1. Please verify whether A:PHE72 is open to solvent by 10 Å² or more (accessible area, probe 1.4 Å), more than 9 Å from chain B (Cβ to nearest Cβ) and farther than 18 Å from B:PRO3 by Cβ, treating the condition exactly as stated.
2. Residues A:PRO77, A:PRO42, A:PRO14, A:PRO3: which one is touching a strand residue (DSSP E or B) at 6+ places or on another chain (Cβ under 7 Å) and at pLDDT below 95?
3. Between A:THR319, A:THR223, A:THR307, which is at pLDDT below 85 and either in contact with a helix residue (DSSP H, G or I) (Cβ under 8 Å, 6 or more places away or on another chain) or open to solvent by less than 20 Å² (accessible area, probe 1.4 Å) (or both)?
4. For the range B:53-69, check the following and say yes or no: at least one residue is free of Cβ contacts under 8 Å to residues at least 12 places away in the same chain and facing chain A (nearest Cβ under 10 Å).
5. Could you please give the count of residues in the range B:79-123 that are part of a helix (DSSP H, G or I), within 9 Å of chain A (Cβ to nearest Cβ), touching a helix residue (DSSP H, G or I) at 6+ places or on another chain (Cβ under 9 Å) and open to solvent by less than 10 Å² (accessible area, probe 1.4 Å)?
6. State which residue is most open to solvent (accessible area, probe 1.4 Å) when the search covers only the range A:55-69 and only residues that are in a loop (DSSP other than H, G, I, E, B) and out of contact with any helix residue (DSSP H, G or I) (no Cβ under 7 Å at 6 or more places or on another chain).
7. Being crowded, with 22+ Cβ neighbours inside 10 Å and not in a helix (DSSP H, G or I) is the filter here, so list the residues in the range A:151-169 that pass it.
There are 2 protein chains.
Amino acid sequence: MKPGIPKGTRDFSPLEMMKRNFIFDTIRNVYQRYGYQQIETPTMENLSTLEGKYGEEGDKLLFRILNSGINFSELKPQTSDLKHSDIAEKGLRYDLTVPFARYVVMHQNEITFPFKRFQIQPVWRADRPQKGRYREFYQCDADVIGSTSLLNEVELIQIIDEVFSALGIKTTIKINNRKLLLALAHHLNIGDNDFIEFVTLIDKIDKVGRDQVLFEITNRFKTPDTEWRNLFQVLHSSPFPHNITGKLEILKEMFANSDIGKKGIEEVEEIVQHWINNDPELISNFKSASLELDLNLARGLNYYTGTIIEVKVADTRSTFTSSICGGGRYDDLTGIFGLPNVSGVGISFGADRIYDVLEEMNAFPDLTGASTKIMFVNFGKDEAMHCLKLLKQLREAGINSELFPDQAKMKKQMGYADDKKIPFVALIGSEEMKSGEITIKNMVTGEQSKVKMDELMIVLKGTK
Amino acid sequence: MKPGIPKGTRDFSPLEMMKRNFIFDTIRNVYQRYGYQQIETPTMENLSTLEGKYGEEGDKLLFRILNSGINFSELKPQTSDLKHSDIAEKGLRYDLTVPFARYVVMHQNEITFPFKRFQIQPVWRADRPQKGRYREFYQCDADVIGSTSLLNEVELIQIIDEVFSALGIKTTIKINNRKLLLALAHHLNIGDNDFIEFVTLIDKIDKVGRDQVLFEITNRFKTPDTEWRNLFQVLHSSPFPHNITGKLEILKEMFANSDIGKKGIEEVEEIVQHWINNDPELISNFKSASLELDLNLARGLNYYTGTIIEVKVADTRSTFTSSICGGGRYDDLTGIFGLPNVSGVGISFGADRIYDVLEEMNAFPDLTGASTKIMFVNFGKDEAMHCLKLLKQLREAGINSELFPDQAKMKKQMGYADDKKIPFVALIGSEEMKSGEITIKNMVTGEQSKVKMDELMIVLKGTK
């Protein structure tokens, strides 16, 4: 029997784990530096919590868990009459946002608002597996709930810049505002009932191009010809992607009579003021990101009501076009669970995509920090006993170290150290046992030398 | 609609996460100090990987995942004819050992043996939930596979001592050897076919007491009266729990003619020699554990073939009686997946039980290290802008800090800092903006003082 794993899932080797942990640790550290606190929610949620929250398509992609102790003879007699709900009450977490909303409602009396939480956990979707898309993948979310201040948006944008700077990925942070999209719809005489359809069209620009979307919008909603030029300009993200002030001027003219439009402009202005000039009184420029106001940006999720954010790789070493981080403000996410009118805003890093970007750019740093620094060769029982004493001292000094467990051939033992990329090997034979010295071999240079224990400690502590 | 979570599962609040991470970090650090490398396997495994590996009872406790895109009308017409396998091909991970064996077989060509791996992930069992028993809980495993050396056992016992010393829990590490149990069975004329039944009886001593088990054994297997005294002695764990040498003497006499018995004694002796005397040439005594040879110890899992290990709390502050860590040697775990004759040995820490022990003993250390060190009060737009600049400097110095996002009432802002146990609050009004000073309030002592930015850094860096 040849074992396998379910399609769309993955094993992670020690090397892959080091790289993944580098991403998770980086994100966690930045979140904590900004005062976010970690929570975790169960892998399984009641289907009543999950269903209907991700659209019809999402419901189809839920992994459902068979009720335990199910008795098939007690079900409806015909299998064709069965429904999912007859045999499954629980499902696997589909994202971190809905479980978080459920958490906030359930624990509202223990939480001090505004609640700044982060959460790094896997989610599951029964999507068709393909390159870069998995059925089990990690999300790394931060949300502030219970505060309407736009300083939260400012902070989340700072966090995005900090995380990607620490990871060494140049990015473009695109922002938009649902209120601007709503005003745009009104301006084009598109009614509220058609807004979702309009947003869905806008959302396709990345895939099918602006011209096609413009054609479909004007066709479907009978856009007056006079609006073409404006629409063309605001939906244009290049060649002046960073000219936020210029875009806002066009919008101000378009939305002169729209309250919602003016509110959207005001929100964008309040956020971007921190970056659009170099006033030393401001929180200053980005470390590595650039900011763009992109009216094309819609983001499919219907619960967004204000700012929306999406991050793209802007690095010549990468061919990656899909977004690696996204988020936005929602005014009533907890309403579905019975706690209305609590505004929140959040972002989510896609750790698996970030991994793929760093892999493609060959940009992971040296991550051997937590690996073994020295391996003692096993020459037999007495020598091994001697080595155990030395290992005890090294480990007490916090140095990761090991003894090859078997008295195997030298070639095998050295090969093991080599494969594990252990920088030093210690050789202790009868001579060293008498003299109290340790022969060490530098596995990179091949150099061999005799040292005392205190010298060895100094060498190893200086080894990355 | 009032939201809930599936029974036997839990949400973890920020405070609980800090405590849980303390346990996970401690275990991970010790594993790494001994040269173990982390891997992860998918949450879902094929049921063909899981079924039949945990006994009949285990199969019942598997969580099965409904096949996605299932078409009920294409199934057998009568629901009473349905089997699990008709509608579910995948299940949730039940432990970390079987997926690890599957991993080793699948990746045998990429792995350098001996393979020292650790793995910290949740597992799921559809057990009846009760106090201290959950349907989703974490295991923290370390195994060495591809080495028969008993130095691995020695090392794992050292690891157990180190982990529990770092966690501040006094323990008794009980060891036994399956070969001794096998020799005992032979000695009592119990055939190999009845061995599992014999082991299952021995395993009950903790629950029903030695006398009851002795009665059942003699009754079921017609033990000769002349064996009573010996049996009574070796199955006695008190009043001389640490007298390993004495117990080995009794066993040597009993198993004088048993090859398997002599092998078992030899293995135990080779392991315990490191601790049973104070010879400075040995790796020395335990930090906080004590070692016990306990012939009562059986451990239910059938794949063990040599050493078995179980750890109990030995702390007067705790009433905990179930084991908090366990493990053993298995000679052919990967055989079921087509890779025979690869010996391994491993241990597993039960993080959730360890959590409950530390909670009961009120023994978690101060864990606020990753929390916010200072909160800036929000007095309005201009003051907030000023604070953002200072926050940027603090965060660049690695100090976790935050600004209250809304211009709320003083009482609310101070209450937030208080609830989040933030040690310092900064108050910056128009006066401080002019002078460049910062008024800080120590939230523990209530003291208030004016400091410069560089002084503040020094204060905060010295704050735990």
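1. In short, no.
2. A:PRO77
3. Going through A:THR319, A:THR223, A:THR307 in turn, just one is at pLDDT below 85 and either in contact with a helix residue (DSSP H, G or I) (Cβ under 8 Å, 6 or more places away or on another chain) or open to solvent by less than 20 Å² (accessible area, probe 1.4 Å) (or both): A:THR223.
4. yes
5. 5
6. Within the range A:55-69, the match that is most open to solvent (accessible area, probe 1.4 Å) is A:GLY69.
7. A:ILE169
Conditions tested, residue by residue: (1) more than 8 Å from chain B (Cβ to nearest Cβ); (2) part of a loop (DSSP other than H, G, I, E, B); (3) under 19 Å from the mean Cα position of the chain (by Cα); (4) surrounded by fewer than 20 Cβ atoms within 10 Å (Cβ to Cβ).
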| residue | (1), (2), (3), (4) |
| --- | --- |
| A:ARG10 | no, yes, yes, yes |
| A:LEU15 | yes, no, no, yes |
| A:ASN21 | no, no, yes, yes |
| A:ASN29 | yes, no, yes, yes |
| A:THR49 | no, no, no, no |
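The values are calculated or read from the model by the stated rules, or taken from the named source; none is laboratory data. Bear in mind that the values here come from a model prediction, so they are computed numbers and not experimental data. Glycine also receives a Cβ, built like all others from the backbone with ideal geometry; neighbour counts cover every protein chain displayed. Surface areas here come from the heavy atoms of the whole protein model, side chains and all, with no ligands, DNA or RNA. Shrake-Rupley method; radii C 1.70, N 1.55, O 1.52, S 1.80 Å.
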